[in-house]
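Down below is the structure, laid out as structure tokens.
No lab work stands behind these numbers, since they all come straight from the coordinates. Predicted model only: the values in this text are computed from it and were never measured. Cβ: placed from backbone, ideal geometry, glycine included. Neighbour counts: every protein chain shown.
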Amino acid sequence: MGGTALRDSTVLVTGGGSGIGRLMALGAAGRGARVVIWDLDRAAGEGVRDRIRSLGGTAHAFEVDVADREQVREAAAATLAAVDRIDVLVGNAGVVTGKRLLEATEEQIARTFEVNVLALYWVARAFLPGMIARRRGTVVTIASAAGLIGVARQTDYSASKHAAVGFDESLRAELRADRTGVRTLVVCPYYIDTGMFAGVRTRFPLLLPILQPKRVAVRILDAIESGRSRLLLPPFVRLLPVTRLLPVRAFDALADLLGVNRSMSRFTGRR
Ligand SMILES: NC(=O)c1ccc[n+]([C@@H]2O[C@H](COP(=O)([O-])OP(=O)(O)OC[C@H]3O[C@@H](n4cnc5c(N)ncnc54)[C@H](O)[C@@H]3O)[C@@H](O)[C@H]2O)c1
């Protein structure tokens, strides 16, 4: 089964106002897609919309908190009134605290799961019925390499991304078993230079480089069009699942050697 061609498709990007979401929105429009941007930050979303329109494309922007079920329902209705269907749904909105378990507030921990995990459910449930009825489309989950390995100072973030990986895999199984014709794609990148993880460091930049946002966006759009189910970046991240076969002490030693657990020590995030 092939992927979803972007030309003449309608693509919704949550968190499309900045970072890789913004670049995926602009890139999809460049490939001939109509684009819908949902973002908490109204000005950011509208800025991307206006840029696409100024380049001759079709775009709409809605101010939505994807963690708020009521707002998702209302925005989904407004979106379908504006564009009549969504072919590619990119669950990209995400947040990070970068705090140790005992330093984060309960509200911050809950918010991480509401945005990075539960929102995937609310948004997919709004648009999947249409995709299944048309037997066409791709549900993209932007997870993280932190969805494949736990990382110090990411007890909330890494666990939320593990959940995102599980969400994608289970949904893929359901859609396949029901022969719906709808695909899923999960994306697990190492750190990307968008500002979300400002301050992070990598110990072996050749093996685990900090990724360039433009390149990541292009790779995701290519994966949607080619029908890939999983995109792990950079290539070294593909070895992570194999390291699970190691005894725990060896696994922990390898993670420490790679500098994974010190990567967050100078994390500032967006201020
Ligand atoms: N930057 C990285 O190093 C990295 C690495 C792996 C995975 N990711 C994931 O990629 C995705 C995008 O990250 P980015 O680096 O482009 O981040 P970013 O901070 O640049 O962009 C995130 C966007 O999501 C929006 N957003 C946040 N909460 C929202 C909510 N509740 N409702 C609607 N919009 C909301 C923000 O306003 C922002 O525009 C995230 O899911 C992130 O976890 C990022």
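Identify all residues within region 199-211 that are within 30 Å of ALA29 (Cβ to Cβ) and either in contact with a His (Cβ under 9 Å, 6 or more places away or on another chain) or away from the ligand (no atom under 11 Å from the Cβ) (or both); write none if there are none.
Scanning region 199-211 gives a single hit, PRO209.
Identify, from the list GLY130, GLY147, GLY137, the residue that is small (Gly, Ala, Ser), surrounded by fewer than 20 Cβ atoms within 10 Å (Cβ to Cβ) and touching a Gly at 6+ places or on another chain (Cβ under 9 Å). Outline the logic, then answer.
Details: GLY147 fails: surrounded by fewer than 20 Cβ atoms within 10 Å (Cβ to Cβ); GLY137 fails: surrounded by fewer than 20 Cβ atoms within 10 Å (Cβ to Cβ).
After ruling out the rest, the residue left standing is GLY130.
Taking region 105-144, which residues are near the ligand (Cβ under 10 Å from one of its atoms) and part of a strand (DSSP E or B)?
Answer for region 105-144, where residues must be near the ligand (Cβ under 10 Å from one of its atoms) and part of a strand (DSSP E or B): THR141, ILE142.
Is there any pair with a first residue in region 136-148 that is within 17 Å of SER160 (Cβ to Cβ) and a second that is more than 9 Å from the ligand (Cβ to nearest atom) and assigned to a loop (DSSP other than H, G, I, E, B) whose Cβ atoms are under 6 Å apart and which are 6 or more apart or on different chains, and what are they?
From residues that are within 17 Å of SER160 (Cβ to Cβ), the pairs are ALA146/GLN154.
Taking the options ARG69, ARG49, ARG22, name whichever one is more than 29 Å from ARG228 (Cα to Cα) and within 15 Å of the ligand (Cβ to nearest atom).
Values: ARG49 fails: more than 29 Å from ARG228 (Cα to Cα); ARG22 fails: more than 29 Å from ARG228 (Cα to Cα).
Result of the check over ARG69, ARG49, ARG22: ARG69.
Please give the number of the condition VAL165 fails out of (1) in contact with a helix residue (DSSP H, G or I) (Cβ under 6 Å, 6 or more places away or on another chain); (2) buried (at least 23 other Cβ atoms within 10 Å of the Cβ); (3) β-branched (Val, Ile, Thr).
Going through the list (1) in contact with a helix residue (DSSP H, G or I) (Cβ under 6 Å, 6 or more places away or on another chain); (2) buried (at least 23 other Cβ atoms within 10 Å of the Cβ); (3) β-branched (Val, Ile, Thr), VAL165 breaks only (2).
Can you find a residue that is of a type in the set (S, T, N, Q) and either farther than 23 Å from VAL11 by Cβ or in a helix (DSSP H, G or I) (or both) anywhere in region 165-174?
Within region 165-174, one or more residues are of a type in the set (S, T, N, Q) and either farther than 23 Å from VAL11 by Cβ or in a helix (DSSP H, G or I) (or both).
Give ARG262, ARG266, ARG244 a once-over and let me know the one that is exposed (fewer than 15 other Cβ atoms within 10 Å of the Cβ) and under 18 Å from GLN154 (Cα atoms).
Values: ARG262 fails: exposed (fewer than 15 other Cβ atoms within 10 Å of the Cβ); ARG244 fails: under 18 Å from GLN154 (Cα atoms).
One residue alone meets the criteria, ARG266.
Within region 145-163, which residues are part of a helix (DSSP H, G or I) and either over 18 Å from ALA223 (Cα atoms) or in contact with an Asp or Glu (Cβ under 7 Å, 6 or more places away or on another chain) (or both)?
ALA146, GLY147, THR155, ASP156, TYR157, SER158, ALA159, SER160, LYS161, HIS162, ALA163
How many residues are assigned to a strand (DSSP E or B) and in contact with a Phe, Trp or Tyr (Cβ under 8 Å, 6 or more places away or on another chain) if we restrict to region 1-38?
So the count comes out to 6.
Sort out which residues of region 24-46 are over 20 Å from ARG136 (Cα atoms), in contact with a Ser or Thr (Cβ under 9 Å, 6 or more places away or on another chain) and surrounded by fewer than 24 Cβ atoms within 10 Å (Cβ to Cβ), and write them in order of number.
Residues satisfying the conditions are ASP41, ALA44.
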